[in-house]
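Here, each number is a calculation from the coordinates, and none is a lab measurement. This is a predicted model, so every value here is computed, not measured. No Cβ is skipped: glycine too gets one built from the backbone with ideal geometry, and neighbour counts run over all protein chains shown.
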Amino acid sequence: MTAAGRRVAAVLEYDGTAYAGWQSQTHSVSIQETVQQAVGFVAGHPVEVVCAGRTDAGVHALGQVLHFDTQAIRTPRAWVLGANTRLPPDIALQWAGEVSPGFHARHSAIRRTYRYCILNRSERSALQRRRAAWIHRPLDCEAMRRAADVLLGEHDFTAFRSKECQSKTAVRRIESIQVMPDGAYVWLEISANGYLHHMVRNIVGTLLDVQLEADPAGAMRALLAGRDRHAAGVTAPSCGLYLWRVDYHAEHRIPVPEDGLLLRPTG
């Protein structure tokens, strides 16, 4: 138990279209403030919610993980159902459970996985306009794979960080990166130990450029080594980005999305 009582973790799904990102802001509606109000209502006292990854405006999540401390005693079902009655339709808790006092949604995470969704067809979509980035020209997925493979491992990702990024170091380790065609869609999936501001969206924008080069891998290698943000691609739209899942050590038993829909416990 914490000084405040109990520590509860939860898995959250949301459509970020209508929000100014995760972080609470004075003049804009945020995911954090909306969730805090709903969970605080169930707890019967104000709570501060800490998340695994602060998503930007317009970015979505299937497996955002959060924790909060509370004096209240509630069942997992009560936390989920109670909070969801107070949340808008575009935000929903998927799971909640008491965890050890040492668990921290951000610091205990061992990896975070993002997916970026591209609708790759000549016609735009009315229904997917806020859930996928529309690229009308045909994409060469094999060329994108060759370029993406260059980013595997530990590198200085200065070329893919925004100028607003406040991280002290640009070194990150990408554990896996995949380009996955799926009918009219192309999904890019990245798992890493951490991310710089706009890093995934900047990688996507760059892949869209270098797949047109005669040597996509060579072009990506040069950009990575050059560490020049201005030489890399534009930042891809936020509407295509999803915080897909966050992994923890098995002892914490935090469930993760399975195939984008179901939750299963780790361990």
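The angle between the Cα long axis of helix 216-226 and the main principal axis of the chain comes to about 70°, on a 0 to 90 degree scale. Listed values for segment 112-117 are Karplus-derived 3J(HN,Hα) couplings in whole Hz (6.51 cos²θ - 1.76 cosθ + 1.60, θ = phi - 60°), namely 10, 10, 10, 10, 10, 9, and x replaces Gly and Pro.
When only the Cβ of Lys, Arg, Asp and Glu is charged (+1, +1, -1, -1), the dipole of the chain relative to its Cα centre reaches about 360 debye.
Only Cα pairs under 8 Å and 6+ residues apart enter the sum, and on that basis the relative contact order of the chain stands at 22 percent. Helical content of the chain, expressed as a calculated mean residue ellipticity at 222 nm, amounts to -6500 deg cm²/dmol (DSSP H runs of 4 or more residues, -39,500 (n - 2.57) each, divided by residue number, nearest 500). Build a GNM of the chain with springs between Cα atoms under 10 Å apart, and of 131, 253, 106 the one that fluctuates most is 253. Angle between the Cα long axis of helix 199-210 and the longest principal axis of the chain, 0 to 90 degrees, nearest 10? Its long axis makes an angle of about 20 degrees. Only one of the values [x] 14.7; [y] 13.4; [z] 16.8 was calculated from this structure for mean projected area of the Cα convex hull in nm²; name its label. Step by step, mean projected area of the Cα convex hull in nm² for this structure corresponds to label [x]. Packing-based ranking of 61-67, 148-154 yields 61-67, 148-154, ordered from highest to lowest mean Cβ neighbour count within 10 Å.
For the chain, the longest principal axis of the Cα atoms and the long axis of helix 31-43 meet at an angle of about 20 degrees.
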